[in-house]
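Every number in this text was worked out from the coordinates using simple rules, so none of it is lab data. Since the structure is predicted, the reported quantities are computational estimates derived from the model, not experimental observations. A quick note on method: Cβ atoms are made from the backbone with ideal geometry, for glycine too, and the neighbour counts reach across all protein chains shown.
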Amino acid sequence: MNGSALKGRVTADGSSGYPAEPGRYHLYLAWSCPWAQRTAIVRDLKGLREVVTLSYVEDDLGAEGWTFGPRRGPDPVNGFGRLRQAYEATVPGYDGPVSVPALWDRVTGGLVSNDYAAITVDLGTQFEEWGDPEVRLYPPELRAEIDRLNAYLHADLNGGAWEVAMTTTQKGYEAARGRVVAVLDRMERRLATRRFLFGDTITESDVWLWPTLARFDLLDNPLGKISERSLSDFPNLWAYARDLYQRPAFRDTTDFGTFRRDRSSIRRPGPARIEVEPVEADWELPHGRDSVL
Ligand SMILES: N[C@@H](CCC(=O)N[C@@H](CS)C(=O)NCC(=O)O)C(=O)O
C-alpha cells in the first residue's frame, strides 16, 4: 500500500518549483479512499474550496484502474477517461501504481504528488495567503508530536485494520486485531479530557484518525472482523467522531454509501474469525462535546 512515486511539494515561496497559487492545482480523489479524504478535509478546513479544485473518479477500481465516468463525472481539467493518463502525462511510459489522491498542476501539465501525507501538509501550511490563518492544522510547536502520533495511527489503525483482513494465520489475526483495538482504547482514553487529539483545536492528527473511524462500522470491522465492539461502544471516540462529522469539512467529503459495499471477497481465508456484521450508526445525534476541553 505504500510507495508514492511522485514526491513534488507545493511551497508558499515557490522554491520547490510548485508555488502555491489560486486556481493552479487540482485534486483527483475517490470517495471510498480514506487517504484521499484527508486531503479533501484539509482543503475544506483551510477554506481553500475556491483555491484548489477537486474531482472524483468512479467508485470502483476496475481492470483499467481508476476511471472517470457517469456517476462521479468527467475529468474537469484534462478530460481524461482513466486516471492512469494523468500519470503518463507526468512521467512518459509510467508503469507504476496509479493511486488517489493525486495532485495535478495546470501550469506544468503534470502531477505534482501522489503522496497523501505531503499533500495534506502542503495544503494545510503553504496556502496561508488564501486560506484561513486561524486554522492551524500543523503548528510548528506540535509537529514532532503530530508526526509521532500520525505514524502510530497509520501503522496500527489505518494500515492495521487492513492487515487484519489480509492476514492468513490465526496468530497474525489475533495480533493484528489486538493492535487495532489497542489504538481505539488509547484514543478513547485520550479523548476523555480533550475535545480533539491535541486539545481544543483540530490538527492533522484528527484528520488522519477520522476517515478510519468513519469507515469502521461499515467497512473495516465487517471486512477484517476486528472487534465485537462497534464505534458506539467507545463513547468518547464516537462522540468525537460525530463532533467532527457535523462540520462541513468532514460531512461534505463523506459518502457512507461508498463504505457500505460488500468487499468480503478481499478478505483472506485462514484464521477463524469472530462474527461482525456492518452497523448503521446515527451520525446526526448531538455530540455533547462542547464542554470537553
Ligand atoms: N499513494 C499512496 C497510496 C494511496 C492509496 O493507497 N490509494 C488507493 C485508494 S485508498 C489507490 O488509489 N489504490 C489504487 C490501486 O490499488 O490500484 C501510497 O503510496 O501509500
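Here are the numbers:
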item: Residues of type lysines that Lys7 reaches as a straight line, Cα spacing below 26 Å, ignoring anything fewer than 8 places off in the same chain; result: Lys46
item: Descending semi-axes in whole angstrom, ellipsoid equivalent of the chain, from the Cα gyration tensor; result: 30, 24, 17
item: Kirkwood Rh and Cα Rg combined as Rg over Rh, evaluated for the range 140-266; result: 0.96
item: Calculated FRET value between Thr201 and Ala272, using beta carbons and R₀ = 51 Å, to 0.05; result: 0.70
item: At R0 = 25 Å, FRET efficiency that the Cβ-Cβ distance of Arg143 and Thr11 yields, to 0.05; result: 0.95
item: Rounded to 5, percent antiparallel among DSSP beta bridges of the chain; result: 70
item: Convex hull of the range 231-293 built on C-alpha atoms - directionally averaged projected area, nm²; result: 6.0
item: Translational diffusion coefficient (Stokes-Einstein; Kirkwood radius from C-alpha pairs) of the range 1-99 at 4 °C, 1.567 mPa s, in µm²/s; result: 88
item: Partner aspartates and glutamates for Lys171 [C-alpha distance under 17 Å; skip if fewer than 8 residues away on the same chain]; result: Asp156, Glu163
